[in-house]
1. In segment 77-85, is there at least one residue being closer than 30 Å to N133 by Cβ, in the same structural domain as P121 (by TED's automatic domain parsing), surrounded by 10 or more Cβ atoms within 10 Å (Cβ to Cβ) and of a type in the set (D, E)?
2. Quick check on segment 22-56: of everything there that is exposed (fewer than 10 other Cβ atoms within 10 Å of the Cβ) and in contact (Cβ under 8 Å) with a residue 40 or more places away in the chain, which residue is farthest from V108 (Cα to Cα)?
3. For P126, state whether it is under 14 Å from V63 (Cβ atoms) and in a loop (DSSP other than H, G, I, E, B).
4. Condition check: within 23 Å of the chain's Cα centre (by Cα) and surrounded by 14 or more Cβ atoms within 10 Å (Cβ to Cβ). Does E209 satisfy that?
5. Restricting to segment 86-111, name every residue that is β-branched (V, I, T) and either buried (at least 19 other Cβ atoms within 10 Å of the Cβ) or in contact with a Leu (Cβ under 6 Å, 6 or more places away or on another chain) (or both).
Amino acid sequence: MNFSELFIRRPVMTTLIMVGILLFGVVAYRALPVSDLPNVDFPTIQVSAVLPGGSPETMAASVATPLERQFSTIAGLDSMSSTSSMGFSSITLQFSLDRPLDAAAQDVQAAITAAARQLPPNMPAPPSYQKVNPADQPILFLSLNSTTLQPSVVDEYAETMMAQRISTVSGVAQVQVFGTKKYAVRVQVDPNALASRGIGIDEVQRAIENSNVSAAGMMTDMIEYARQFEIAVRMMHVADDNATRASSLASMS
């Protein structure tokens, strides 16, 4: 007699065993623990845009807002948040679990292209996106230092060799390089000389941009100095007005 013959000859016993297994299964299923906050990775894309010299208000109104209008039309978008700082805007897009991340990335790229005409024309590069959750923490830190090479040379190795090769490794979502030191041209102008020649700081900036093929890097320092220059010119004009008034009063007396 084999194992199956016992259940074939005793159908009542077989039925009772099956009912018992079914009842135990129902009870065990209802007793399974359910996490209130399960560890689920939602499809997330981060869009970043750079406008050197742009204030946080300008970045929010001129860069983040046009992009958000286009992103709001993407299907499957659950939430959208943005942060704007000096010269930088970051928009985080979170999609539903049933939305394929690759398909969502294509829609994000199409939305960026559609919003390109509404963005400031002096942006050095169009907005870019990455398939990465900004809440995730880095899992690997690498440090580069040299006692013989210049910091700009070390930065060139990190940017062009290490970062690009590491980004091609399967599973790597983002590679960031911190502490970069690159060559920069800093121009210090004389407010008095400019005022005497009737030249504005914006004319100096345009002249440097027209003669420099890498004009995108020259923004923040020039804008900050422009503010100082404007204040200095105003103070000089006030001093001249006061001197003129004083000389007029002296002549009248």
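The values are calculated or read from the model by the stated rules, or taken from the named source; none is laboratory data. It should be emphasised that the depicted structure is a prediction, and the values quoted were computed from it without experimental measurement. Cβ sites come from the backbone with ideal geometry, for glycine too, and all protein chains shown count toward neighbours.
1. Checked segment 77-85: at least one residue is closer than 30 Å to N133 by Cβ, in the same structural domain as P121 (by TED's automatic domain parsing), surrounded by 10 or more Cβ atoms within 10 Å (Cβ to Cβ) and of a type in the set (D, E).
2. So, considering only residues that are exposed (fewer than 10 other Cβ atoms within 10 Å of the Cβ) and in contact (Cβ under 8 Å) with a residue 40 or more places away in the chain, the one farthest from V108 (Cα to Cα) is V40.
3. When the stated conditions are applied, P126 passes them.
4. When the stated conditions are applied, E209 does not pass them.
5. Matches in segment 86-111: I91, V108.
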